[in-house]
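What follows is a set of notes on a single structure, which appears directly below.
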Amino acid sequence: MGLFSKKPKDEQLILRLEKLNQQIDSKKQELGELAKNIKLMDKQISLTEQIENKKAELDSINKQISLSNDELSMQELGFFKRQYKFSDSTKYKDALNDIRLNEKNLVKAGRAGIVTSPMTLDNSLSKGKAMQNALIRAAIRGFNGEADALLTKISASNVSQKISALIKSFEQLNKMYSRNLIRISSEYLELKKQELQLAAEFELKKQEEKDILREQKEREREDKKLQAEIKRQQAKYDKDITQFTNAIEIAENRLNNASESEIKELKKQIAEYKRKIASLNEDKEELDTKFSNAKAGYVYVISNVGSFGEGIVKIGVTRRLTPTDRVDELGSASVPFKFSINAIIFNDDAFDLETRLHQYFDKFRVNKFNNRKEYFKVDLNKIKEYLSNDSSLNVEWNETPENFEYEQTLLIENK
């Protein structure tokens, strides 16, 4: 029986082979799992590297956003940063034309709007492409319309808000057309943003040029008024000289028939007339000399406590024969109270003196953006100190400037 209980040799081999095959299958399975794990690890490593790269990219973008937000915040607080610094408005206009030409070229090159992924229409790629191109044209037309509307009444004070509105429009249009797998390109957006910025600076430069032209015309009007005043004054001198000359002639004629006591009085009158004629000729010559120089004039320091408060002064220049006439004009209908004169300085180069004062007290300007505004928040003693350092200047200080209307207003209010 023991002999017959043993399995035949072939059967044992078969069992052993099956066992080995099972072990091989198991090892293959383990190897497959291991390969999967290795693949996953490689993928994980790749993802980790991508994540690190994206983090670095995100950090860079965040820094740029932070800087942009800082600039935007400054602009919202009234600080306008010029990106273009052309010398005149024609250069701004040329640059605007260049940007608009670049926009057109970008559209023609097919880079203003892009296909994010091809679509098919009726199982046709060509029909799908034609449809997407038509939608790109529609998106660009819509975006251009939004951009053109934003260009209306653009200025340095609202350009940051208009650029934000442009970006919002860009994002909304791209979201709307995303289902059609098309979008307006960031490159086209950048050109539109540049166009808005440039347009704002163009308007600012045009206004600056208008202000400069207005100042030139004002100066020309001042010169005309000066010449008219000089002419009137010279005519007055000539009239007075003629009157005194005639008086001398009359007195000399009377000498022939005058008594001794009358002769003495007449000679005294003639001497006085001659003295007055000499004085008038001196004044006339001084007037001609004083204002024959086109740079000669008066620098004035004036204040208007009732209109602007304490410590605010205006430092300006006039070539008027009587500088108070110009000060009276400044205090006309544009301000509630008249200006008070704190100091008057005649100078052979009044414009240079005015410029030096403006530059020295630049940090005290009330309007720090527009340097053509001549108002300063500065103590008068500081101005006195500066002017006293130049011994050639003849400064007429008014220690008790008149504020009659303002003072009377205060009395009425306090009743």
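No lab work stands behind these numbers, since they all come straight from the coordinates. Since we're looking at a predicted model, the values are computed, not measured. Glycine gets a Cβ as well: all are built from the backbone with ideal geometry, and neighbour counts include every protein chain shown.
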Checking rank on 106-114, 341-349, with mean other Cβ inside 10 Å and highest first, the result is 341-349, 106-114
Could the peptides 314-324, 274-284 be put in order, highest first, of the mean number of other beta-carbon atoms found within 10 Å of their residues? 314-324, 274-284
Ordering of 294-307, 16-29 by burial proxy (mean other Cβ atoms within 10 Å per residue, highest first): 294-307, 16-29
Would you mind counting up the charge near Asp238? Only other residues with Cβ under 12 Å from its Cβ, with Lys and Arg at +1 and Asp and Glu at -1. +3
Mind checking which of Leu191, Leu255, Leu330 has the largest fluctuation in a GNM of the chain, springs on alpha carbons under 10 Å? Leu255
log10 of Debye I(q)/I(0), alpha-carbon scatterers only, for the chain at 0.07, 0.09, 0.10, 0.11 Å⁻¹: -0.69, -0.89, -0.98, -1.06
Relative contact order of the chain, defined on C-alpha pairs under 8 angstrom at six or more residues apart (%): 11 percent
Averaging sequence separations of C-alpha pairs under 8 Å and six or more residues apart, then dividing by the length of region 297-413, give the relative contact order as a whole percent. 32 percent
Check: C-alpha center region 372-415 vs C-alpha center region 213-281, spacing in Å is 36 Å
Cross-link pairs Lys314/Lys368; Lys338/Lys377; Lys224/Lys314; Lys225/Lys290; Lys108/Lys175; Lys205/Lys338 - those with Cα-Cα distance over 25 Å: Lys205/Lys338
Leu204, Leu287, Leu121, Leu31 arranged by Cβ crowding within 10 Å, fewest neighbours leading: Leu31, Leu121, Leu287, Leu204
Residue separation between Glu272 and Leu213 times 0.36 nm, minus their alpha-carbon distance, gives in nm 16.2 nm
Could you name the lysines in cross-link range of Lys274, using Cα to Cα under 21 Å and dropping any fewer than eight places away on the same chain? Lys236, Lys239, Lys264, Lys284
Segment Asp98-Lys373, length gained on full extension (0.36 nm per residue, minus Cα span): 95.7 nm
